[in-house]
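Structure record follows, encoded as structure tokens.
The values are calculated or read from the model by the stated rules, or taken from the named source; none is laboratory data. These figures come from a predicted structure and were not determined experimentally. Counting neighbours? That spans all protein chains shown, and the Cβs are built from the backbone with ideal geometry, glycine included. The area values use the complete protein model at the heavy-atom level, side chains included, leaving out ligands, DNA and RNA. Shrake-Rupley method; radii C 1.70, N 1.55, O 1.52, S 1.80 Å.
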Amino acid sequence: MQSGTSAPEGVEAHNQKAWDSKCIKVIKDNLMLNAVDNKDKARLLATQAPHSGDWLFATPITAIGLRMSNETIRVAVGIRLGTRLCEPHTCPCGTFVDARGLHGLSCRRSAGRHTRHSQLNDIIWRSLCRAKIPASKEPLGLTRSDGKRPDGVTLIPWSHGKCLTWDVTVPDTMATSHVQATSTAAGAAADRAAANKKTKYAALQSTHIFVPVSVETMGSWNCESLNFVNNIGRKLTAVTGDPLETSYLFQRLSVAIQRGNEVSFIGTLSDIDC
């Protein structure tokens, strides 16, 4: 057998997926074995994470926000494959940017971070409203002594008589502070960011259900965040009757991440203000 393993037996011998999965596993193992550094390992693990590649399945329809520009697709594919995206240069923040151009995804001066955050939050808010769950962005009056607000709150109870509040965060899979963890476990940065958000808004949890919406720049999701988006998708299906609502929602979120990544990448070029 091409994979070097035994052939499927019994009923599985007639299942094409059973044959393909053995070859795919060998290819994945070889790629991980030959990864040259932690960034490559993190990239390969992230591409295998659930929903990290949903933008690849999105139909390019402008009316529902799924069309990506040629440059967005170039950057998205380049980051996913680990290819050269630019000539080495210096970011306006003073940091050296190598040919893969990944620095922009975590650059503190990158406008893409804010664009990506706003788009993701808007998609969550609009999806809740479409599911007949009224919600408000950046609500006032929630209990925090420092005046900081979560990204949104439902205006009717979500569960157990409590309204739900959420906050979006997008840690960079390849950031120096995360790559050691993300090179060993997909979604490690998203999990860490989600835990930080829960600590930050711990005071709200006595009056609200707090959910961090934590997804990495490479598309790996925190488990609690995944469950939240799946739940919204099910509520959308209950309203619209379309069983594909959850898939469409993940595609919109995935496309928004790629757009933010492209803006972040472009922002490192010297002739564009970062």
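Annotations
- A straight Cα-to-Cα reach below 28 Å connects K17 with the lysines K25, K28, K41, residues fewer than 8 places away in its own chain not being considered.
- Put simply, the amide H of D167, placed in the peptide plane, has neighbours under 5 Å in D151, V211, V213, leaving out anything fewer than 5 places away on its chain.
- Assuming charge only on the beta carbon of Lys and Arg (+1) and of Asp and Glu (-1), the dipole of the chain about its Cα centre is about 620 debye to the nearest 20.
- The chain - Debye-derived log10 I(q)/I(0), Cα point model, q = 0.09, 0.12, 0.13 Å⁻¹: -0.48, -0.82, -0.94
- Top of L102, L249, L33 by mean-square fluctuation, Gaussian network on the chain, Cα under 10 Å: L33
- Here's the picture: charge each Lys and Arg Cβ at +1 and each Asp and Glu Cβ at -1 in the chain, and of T173, F210, P243 the one pushed furthest to the positive end of that dipole is F210.
- Per residue, the chain exposes an accessible area of 50 Å² to a 1.4 Å probe, with every protein chain left in place.
- Once you reduce the stretch 227-263 and the stretch 71-145 to the center of their Cα atoms, the two points are 17 Å from each other.
- Max mean-square fluctuation residue, GNM over the chain, Cα-Cα springs under 10 Å, options T90, T62, T176: T62
- Rounded to whole Hz, the Karplus (6.51, -1.76, 1.60) HN-Hα couplings of the stretch 170-185, x for glycine and proline: 10, x, 8, 4, 9, 4, 4, 6, 10, 5, 4, 7, 6, 7, 10, 8
- Helix-derived mean residue ellipticity, 222 nm - over the chain, DSSP H n ≥ 4, -39500 (n - 2.57), to 500: -14000 deg cm²/dmol
- Share of carbon and sulfur in the accessible heavy-atom surface of the chain [1.4 Å probe, %]: 55
- Calculated from backbone phi, Karplus (6.51, -1.76, 1.60) coupling profile of the stretch 209-217 in Hz, x at Gly/Pro: 8, 9, 10, x, 9, 10, 9, 7, 4
- Top of G241, G260, G101 by mean-square fluctuation, Gaussian network on the chain, Cα under 10 Å: G241
- Across the stretch 43-54, coupling constants 3J(HN,Hα) worked out from phi with the 6.51/-1.76/1.60 Karplus curve, θ = phi - 60°, read 5, 5, 5, 5, 5, 8, 6, x, 6, 5, x, 4 Hz, and Gly and Pro carry x.
- Calculated P(r) tail over 17 Å for the stretch 45-168, as whole % of Cα pairs: 71
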